[in-house]
Each structure stands twice: as C-alpha cells, then as structure tokens.
Amino acid sequence: MFASKPPEVAAVAPGMTPREQELADRKEQLLQQLATCESGSWGPSARPIYGGRGAYHGRFQFTLRTFITYTRKRDGTALTAKEAAAYTQNYDKAASLAWYMIYDLQEPWHWPLCSRKLGIPAQVNLIKTI
C-alpha cells in the first residue's frame with residue numbers, strides 16, 4: 001500500500017487589512033484626481049497625450065527629464081528619452097511614479113497648479129491620519 005501524500009498548497013500572502021485598503025483607495029483616488037486635473041481624464045488613453053506644446057507627456061503631464069530623473073532615483077533604472085516618452089503615456093507606469101513622488105518623497109509641487117487646486121498637501125496629510 002502506498003501512503004497518500006497530502007495535497008500541496010501554495011502559500012498565499014496575507015491580504016491588506018481594511019485600513020490598508022482604505023489608505024490605498026484614497027491614495028489612488030487622489031492620483032486619479034491629479035491625472036484628471038492635469039490632462040482632463042485618468043486611465044489609459046488610445047492616443048498619446050501632450051501638453052505645453054509637447055513639453056509635457058501623458059495623463060500626469062511629466063517632462064521627460066522629470067520622468068527619467070525620478071525613475072532613476074526610485075529604482076536605479078536609467079531610461080532613454082524614447083523609453084521615458086513611452087512610459088509617460090502608460091497610465092500605470094506614470095501613476096506609479098507619481099505615487100512615489102507624492103507619497104514616498106512628499107513632493108506634490110511637481111504639479112503646482114493642480115496640487116494647489118486639489119489641495120494635495122492637505123489631502124496627503126489627511127490620509128496619513130487615517
């Protein structure tokens with residue numbers, strides 16, 4: 001007789017707590033508000049988005065220099081201008097960098113008008129108190 005082997009079970013990472021989920025949701029909502037303020041909408045776009053006579057790219061209206069500099073600062077990745085131009089048009093990649101700049105570095109001043117209009121510094125402080 002063969003001994004039956006217990007079934008293998010994959011380890012599952014614990015999910016977010018309700019508080020962590022609420023924080024993540026509020027942060028995401030703020031990024032969506034910023035993208036809407038900067039470019040008129042949030043989320044993926046079928047066509048490239050440019051502002052400031054082509055100086056600003058994507059929903060978050062990054063300059064290529066800012067995108068390249070902060071990507072390198074965040075994770076050491078050195079992007080070419082062509083790569084940065086493509087990444088700024090990718091909502092998820094751009095939102096990830098904006099998240100880093102706003103929440104990790106606390107630098108919402110990169111979007112001066114929309115930051116002031118949306119009260120981003122105050123909203124970030126409010127999120128921290130949740």
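The values are calculated or read from the model by the stated rules, or taken from the named source; none is laboratory data. Note that the structure is a prediction, hence the values are computed from the model and not measured. Here Cβ is always computed from backbone atoms with ideal geometry, including for glycine, and neighbour counts include all displayed protein chains.
For segment 82-94, the set of residues classified as touching a helix residue (DSSP H, G or I) at 6+ places or on another chain (Cβ under 7 Å), within 16 Å of Trp42 (Cβ to Cβ) and surrounded by fewer than 21 Cβ atoms within 10 Å (Cβ to Cβ) consists of Lys93 only. Taking the numbered list (1) surrounded by fewer than 18 Cβ atoms within 10 Å (Cβ to Cβ); (2) under 21 Å from Gly43 (Cβ atoms); (3) aliphatic (A, V, I, L, M) in turn, Ala78 passes all entries but (2). For Met101, the conditions (1) touching a His at 6+ places or on another chain (Cβ under 8 Å); (2) surrounded by fewer than 17 Cβ atoms within 10 Å (Cβ to Cβ); (3) aliphatic (A, V, I, L, M) are fulfilled apart from (2).
Note on segment 107-123: residues that are more than 15 Å from the chain's Cα centre (by Cα), among the hydrophobic types (A, V, I, L, M, F, W, C) and surrounded by 13 or more Cβ atoms within 10 Å (Cβ to Cβ) total 2. Here Gly15, Gly51 are screened, and the one residue that is more than 18 Å from Leu105 (Cα to Cα) and modelled with pLDDT of 95 or more is Gly51. Any residue in segment 56-65 that is modelled with pLDDT of 95 or more and assigned to a helix (DSSP H, G or I)? Checking segment 56-65: at least one residue is modelled with pLDDT of 95 or more and assigned to a helix (DSSP H, G or I). Taking helices (runs of 4 or more DSSP H) as the structural unit, those lying wholly within segment 73-130 and holding at least 3 residues that are at pLDDT below 95 correspond to 120-129.
Cβ separations smaller than 9 Å between residues 6+ apart or across chains give the following pairs from segment 96-109 residues that are in contact (Cβ under 8 Å) with a residue 24 or more places away in the chain to residues that are part of a loop (DSSP other than H, G, I, E, B) and acidic (Asp, Glu): Met101/Glu107. Of all residues in segment 25-48, those that are closer than 15 Å to Pro108 by Cβ, touching a strand residue (DSSP E or B) at 6+ places or on another chain (Cβ under 8 Å) and free of Cβ contacts under 8 Å to residues at least 60 places away in the same chain total 0. Looking across segment 88-127, just one residue is farther than 22 Å from Ala24 by Cβ and among the aromatic types (Phe, Trp, Tyr), and that is Trp109.
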